[in-house]
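Participant: Please read through the structure below; I'll follow up with questions.
The values are calculated or read from the model by the stated rules, or taken from the named source; none is laboratory data. No experiment lies behind these values; they were computed from the predicted model shown. Cβ placement follows ideal geometry from the backbone for every residue including glycine, while neighbour counts extend to all protein chains displayed. Side chains are part of the model used for accessible areas, which takes the heavy atoms of the whole protein and leaves out ligands, DNA and RNA. Shrake-Rupley method; radii C 1.70, N 1.55, O 1.52, S 1.80 Å.
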Amino acid sequence: MKILYIARTDTYRYYREGINPSHWLYGAVEMEKDGNEVVWEDESRALLNDIRLVWKHLPDLVFIPNLNLRSHLLLLLITAFGLSRTPIYAFLHHEPKVKCGWKSVLYRLLLSAPRHLFFLSTKTMEETVKAGLVAKDKCSVPGWGPDIGFYGKVPKSSGKWFVSTGKENRDFDMLIEAFRRTGAPLMIMTARSHAGNDYSDLQEKCRDIPNIRVVITENSGNVYPQMLEAMANARALVCPLRKDKLNYCVGLSTIADAIGLHKPLIITRNPYHDAAYLKGMEVVETVDDWVAAINRIMAHDESTPSPCLSMQNCCQKMKGIVSALG
């Protein structure tokens with residue numbers, strides 16, 4: 001089967017170079033390993049980009065790992081109207097915000113185009129279905145998870161640092177206060193800014209807190225090896241999330257790192273995280289919760305996240321759906 005992958009090809013290049021795991025490609029690598037021919041092409045907001053790619057490669061199916069309706073507008077429209085017969089399979093990461101008016105009609109039309117939509121969160125799927133944007137029988141949550149083989153090759157140890165590597169909608173103020181209270185060693189690795197989040201003052205905030213170290217990295221996927229080494233040698237991982245931004249499954253990549261590396265994780269409660277991801281983790285809401293969780297890990301060997309979720313298992317479920325739908 002020829003599969004046309006449309007997203008960021010630099011992520012695939014980083015995977016080929018051993019820089020990042022396969023789950024950043026949402027199953028496309030596993031499809032390729034399964035004997036399929038995967039054609040790797042870049043996403044673009046140019047209106048005719050998808051159409052040119054489909055005509056050029058004549059794939060058996062199109063796979064879009066992060067469906068942006070604007071970027072794939074024309075392909076979705078002509079598929080919805082039956083002018084293209086090439087089936088589309090895609091991951092929808094966020095529920096569309098528009099629920100009424102002409103835009104909601106357009107979104108329903110566009111989301112009718114994929115033969116099947118995969119979701120990272122049951123709650124996101126349920127809300128999208130409840131809003132009438134997509135039919136329930138066209139959706140599933142296959143259990144996206146870590147590339148276990150990738151993490152199995154990473155040297156690991158249990159060091160002293162609690163490590164935070166995220167950059168998307170992080171509540172560093174709460175994290176800093178919790179570690180200021182406990183005195184436990186914390187390493188924050190993040191970008192100076194990301195998607196409207198400004199972390200440029202982090203080093204100044206932590207200047208007089210001796211147990212907290214801040215490492216500012218470039219905002220690029222190629223810094224992942226630096227973060228991976230810190231996480232692999234951490235005492236535990238920490239993921240502080242902004243409560244005003246908990247409207248999607250933010251934090252899931254850190255969960256995948258924790259599962260893959262078999263590290264304890266403290267993470268802000270997010271209703272968009274399925275229960276299967278939270279087994280063995282410290283789920284917190286307040287500063288006091290953070291302090292208690294930190295102290296528990298400092299005092300005892302905490303259970304690590306269950307490794308039952310993996311990109312390999314996820315891809316098998318996706319494969320079953322594709323086979324069933326033809």
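Participant: Within the stretch 180-213, can you find the residues that are crowded, with 16+ Cβ neighbours inside 10 Å and of a type in the set (Ser, Thr, Tyr)?
Facilitator: Result: Thr182, Thr190, Tyr199.
Participant: Any residue in the stretch 125-145 that is touching an Asp or Glu at 6+ places or on another chain (Cβ under 6 Å) and not basic (Lys, Arg)?
Facilitator: Yes, the conditions are met somewhere in the stretch 125-145.
Participant: More than 18 Å from Ala195 (Cβ to Cβ), among the small types (Gly, Ala, Ser) and without any contact (Cβ under 8 Å) to a residue 24 or more places away in the chain, is that true of Ala236?
Facilitator: No; evaluated as a whole, the condition is false for this residue.
One line per residue, one yes/no per condition, for (1) surrounded by fewer than 24 Cβ atoms within 10 Å (Cβ to Cβ); (2) closer than 21 Å to Gly145 by Cβ:
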site: Asn233; (1), (2): yes, no
site: Val238; (1), (2): no, yes
site: Ala276; (1), (2): yes, yes
site: Glu285; (1), (2): yes, no
site: Asp288; (1), (2): yes, no
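Participant: To continue, here is another question. Within the bounds of the stretch 94-112, is there any residue that is touching a helix residue (DSSP H, G or I) at 6+ places or on another chain (Cβ under 8 Å), among the β-branched types (Val, Ile, Thr) and closer than 21 Å to Cys314 by Cα?
Facilitator: No - not one qualifying residue is present in the stretch 94-112.
Participant: Same structure again: Applying the selection to the stretch 40-75, what residues are open to solvent by less than 20 Å² (accessible area, probe 1.4 Å), within 21 Å of Leu25 (Cβ to Cβ) and not in a loop (DSSP other than H, G, I, E, B)?
Facilitator: Asp50, Leu53, Val54, Leu61, Val62, Phe63, Ile64, Leu75
Participant: Check Ile297 against each of (1) open to solvent by 10 Å² or more (accessible area, probe 1.4 Å); (2) touching a residue at least 40 places away in the same chain (Cβ under 8 Å) and name the one condition it does not meet.
Facilitator: (1)
Participant: Any chance the stretch 135-146 includes a residue that's more than 30 Å from Leu73 (Cβ to Cβ), in contact with a Pro (Cβ under 8 Å, 6 or more places away or on another chain) and at pLDDT 95 or above?
Facilitator: Yes, the conditions are met somewhere in the stretch 135-146.
Participant: Taking the stretch 120-133 on its own, how many of its residues are in a loop (DSSP other than H, G, I, E, B) and either at pLDDT 95 or above or of a type in the set (Asp, Glu) (or both)?
Facilitator: Looking only at that region, the number is 2.
Participant: Go over the candidates Ile255, Ile216 one by one and state the one that is crowded, with 21+ Cβ neighbours inside 10 Å and out of contact with any Asp or Glu (no Cβ under 8 Å at 6 or more places or on another chain).
Facilitator: Ile255
Participant: Within the stretch 138-152, is there a residue that is without any contact (Cβ under 8 Å) to a residue 60 or more places away in the chain, more than 22 Å from His262 (Cβ to Cβ) and not in a loop (DSSP other than H, G, I, E, B)?
Facilitator: Checked the stretch 138-152: at least one residue is without any contact (Cβ under 8 Å) to a residue 60 or more places away in the chain, more than 22 Å from His262 (Cβ to Cβ) and not in a loop (DSSP other than H, G, I, E, B).
Participant: Among the residues of the stretch 115-129, is any over 26 Å from His273 (Cα atoms), touching a residue at least 24 places away in the same chain (Cβ under 8 Å) and open to solvent by 80 Å² or more (accessible area, probe 1.4 Å)?
Facilitator: No; the residues of the stretch 115-129 include none that is over 26 Å from His273 (Cα atoms), touching a residue at least 24 places away in the same chain (Cβ under 8 Å) and open to solvent by 80 Å² or more (accessible area, probe 1.4 Å).
Participant: Taking the conditions exactly as written (open to solvent by 50 Å² or more (accessible area, probe 1.4 Å), touching a Phe, Trp or Tyr at 6+ places or on another chain (Cβ under 8 Å) and closer than 21 Å to Asp274 by Cα), does Lys136 satisfy them or not?
Facilitator: no
Participant: Right, here's the next one. Hey, among Ser193, Ser253, which residue is small (Gly, Ala, Ser) and at pLDDT 95 or above?
Facilitator: Ser253 is the lone residue from the list that is small (Gly, Ala, Ser) and at pLDDT 95 or above.
Participant: Tell me which residues, restricted to the stretch 84-103, are under 24 Å from Val250 (Cα atoms), over 19 Å from the mean Cα position of the chain (by Cα) and open to solvent by less than 50 Å² (accessible area, probe 1.4 Å).
Facilitator: Val98
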